[in-house]
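Data first, discussion second: the structure below is written as structure tokens.
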Amino acid sequence: MRVVVAGSSGLIGTALVSSLRSDGHDVVRLVRRPTAAPDEARWNPERGQVPAAALRGADAVVNLCGVGIGDARWSGAYKQLIRDSRITSTDVLATAVADVGVPVLANASAVGYYGDRGSRVVTEATSPGTDFLATTCLDWERATTPASAAGTRTVLLRSGLVLSPRGGALGRLRGLYSVGLGGRLGDGRQYFPWIALEDHVDAVKFALTHDDIEGPVNLTGPAPVTNAEFTAALARAVHRPAPWVVPGFALTAVLGEFARIGLLAGQRAIPEVLEAAGFQFRRNTIGEALGSVLTR
Ligand SMILES: NC(=O)c1ccc[n+]([C@@H]2O[C@H](COP(=O)([O-])OP(=O)(O)OC[C@H]3O[C@@H](n4cnc5c(N)ncnc54)[C@H](OP(=O)(O)O)[C@@H]3O)[C@@H](O)[C@H]2O)c1
């Protein structure tokens, strides 16, 4: 396959590009800076510029763009950037995909689409939430419409918390837990729908090659856990206690709206579409996932 990847320098993109290449696929990376290697093509999502030549002949486009939702306090300007970096890039890319006639678009989204669902099981058929992340995800997914309307098989990657030792939330938490500073967030009953990075990468590749997969796909492990269960599993994995409880009000006072929506709320999301299509997870439980990613 020839696969064009946008947002390829990030946690998921780096692993996906490397995995696609080791499978023998040809990968072109869309970069927002001047190109520095023959496999790169420059695009400018803010100006609506995508090099059609890079997309011509591609079997699939994967879009993983977006500033980190936990990388800064959610000021009005940062919330706008969270939205724009996802929705504008998706709109520009989906329009180019439609113009060129690329057969498949796999576009990032997140389980935040569902809003806070307490302990209710969430599948791809569950309706969207109404908070900031949910409405952002809804508009982000809608921005793929030019591609789906043009007949491109469009897959919406509703990712859970991606577990990797090299970055993302676990990369940050690991240091705290290793020195015994881990702890539950709020009452710990909110669900953390996790997925091991290697399973996430495999699931994206699976979606690219399975014509029966279209629309929303939960990229979450088969057994989501609560924050309290996640805390206990991570403490076990690093052989340290995690005795602390970070009260919800304190977390919200320090981190603002991100804490309320991103850390103290959750989704018990299950991968119904992937499992129905026959996808096999390598890491089925939080213990297996943490055990494998933290020994690397
Ligand atoms: N990791 C998770 O746990 C998780 C969970 C749910 C959803 N997701 C979603 O999956 C996607 C990839 O996640 P990730 O963890 O790999 O993210 P990441 O490490 O933060 O990488 C995202 C990539 O987005 C691009 N980007 C950054 N700022 C941008 C901007 N202003 N405009 C356009 N593109 C920009 C960058 O790629 P270039 O510099 O190469 O353009 C960056 O490498 C994101 O959309 C994220 O929201 C991730």
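Ordering Arg83, Arg166 by accessible surface, largest first, gives Arg166, Arg83; the 1.4 Å probe counts only protein heavy atoms, with every chain in place. For the stretch 82-204, the Cα gyration tensor yields ellipsoid semi-axes of 31, 17, 13 Å (square root of five times each eigenvalue, largest first, whole Å).
If the chain were replaced by its equivalent ellipsoid, with semi-axes equal to the square roots of 5 times the Cα gyration tensor eigenvalues, what would those be, largest first, whole Å?
Largest first, the chain gives 31, 20, 18 Å.
Computed from phi, the 3J(HN,Hα) profile of the stretch 58-73 under the Karplus parametrisation 6.51, -1.76, 1.60 (θ = phi - 60°) reads 6, 8, 7, 10, 10, 10, 10, 6, x, 5, x, 6, x, 7, 7, 5 Hz, with x in place of Gly and Pro. Over the residues of the chain, the helix contribution to mean residue ellipticity at 222 nm works out to -11500 deg cm²/dmol, using -39500 (n - 2.57) for each DSSP H run of at least 4. Amide H contacts under 5 Å for Leu163: Ile195, Ala196, Leu197, restricted to partners 5 or more places along the chain or on a different chain, H placed in the peptide plane at 1.01 Å from N. In the stretch 200-239, the C-alpha radius of gyration followed by the widest Cα-Cα span (Dmax) gives 14.9, 43 angstrom. Where both bridge residues fall in the stretch 81-221, DSSP classifies roughly 0% of the beta bridges as antiparallel. Based on the convex hull around the alpha carbon atoms, the stretch 201-296 presents an average projected area of 7.7 nm². Taking Cα atoms, how many degrees apart are the long axis of helix 227-237 and the longest axis of the chain, rounded to 10 and kept between 0 and 90? Tilt of helix 227-237: around 90 degrees.
Comparing mean-square fluctuations of Ile270, Ile286, Ile69 from a GNM of the chain with C-alpha springs under 10 Å, the top value falls on Ile69.
Rounded to the nearest 5, what % of DSSP beta bridges with both residues in the chain are antiparallel? So the antiparallel bridges in the chain amount to around 10 percent. Taking all protein chains as they are arranged and a probe of 1.4 Å, the heavy atoms of Leu264 leave approximately 50 Å² accessible to solvent.
Placing +1 on each Lys and Arg Cβ and -1 on each Asp and Glu Cβ, with no other charges, gives the chain a dipole about its Cα centre of roughly 920 debye.
Think of the stretch 27-97 as having a plus end and a minus end, set by charges on the Cβ of Lys, Arg, Asp and Glu; of Ile82, Val62, Val92, Ile82 sits farthest toward the positive end of this dipole.
Can you tell me the order of 54-65, 239-250 when each peptide is scored by its average per-residue count of other Cβ atoms within 10 angstrom, highest first? List each step's numbers first, then the result.
Values: 54-65: 21.8, 239-250: 14.2.
Output ranking for 54-65, 239-250: 54-65, 239-250.
So for the stretch 217-257, Kirkwood radius off the Cα pairs, Stokes-Einstein at 20 °C and 1.002 mPa s: how many µm² s⁻¹?
172 µm²/s
Contact order for the chain, expressed relative to its length and based on alpha carbon pairs under 8 Å spaced 6+ residues apart, stands at 19 percent.
At a probe radius of 1.4 angstrom, the accessible area of the stretch 15-126 per residue rounds to 45 square angstrom.
Relative contact order for the stretch 1-67: 43 percent, from Cα pairs under 8 Å spaced at least 6 residues apart, divided by residue count.
Over all distinct alpha-carbon pairs, what is the Kirkwood Rh of the stretch 11-93 in angstrom?
14.2 Å
The values are calculated or read from the model by the stated rules, or taken from the named source; none is laboratory data. Not measured: the values here are computed from a predicted model. So basically every Cβ, Gly included, is an ideal-geometry build from the backbone, and we count neighbours across all protein chains shown. Accessible surface is based on the protein model in full, side chains and every heavy atom, while ligands, DNA and RNA are left aside. Shrake-Rupley method; radii C 1.70, N 1.55, O 1.52, S 1.80 Å.
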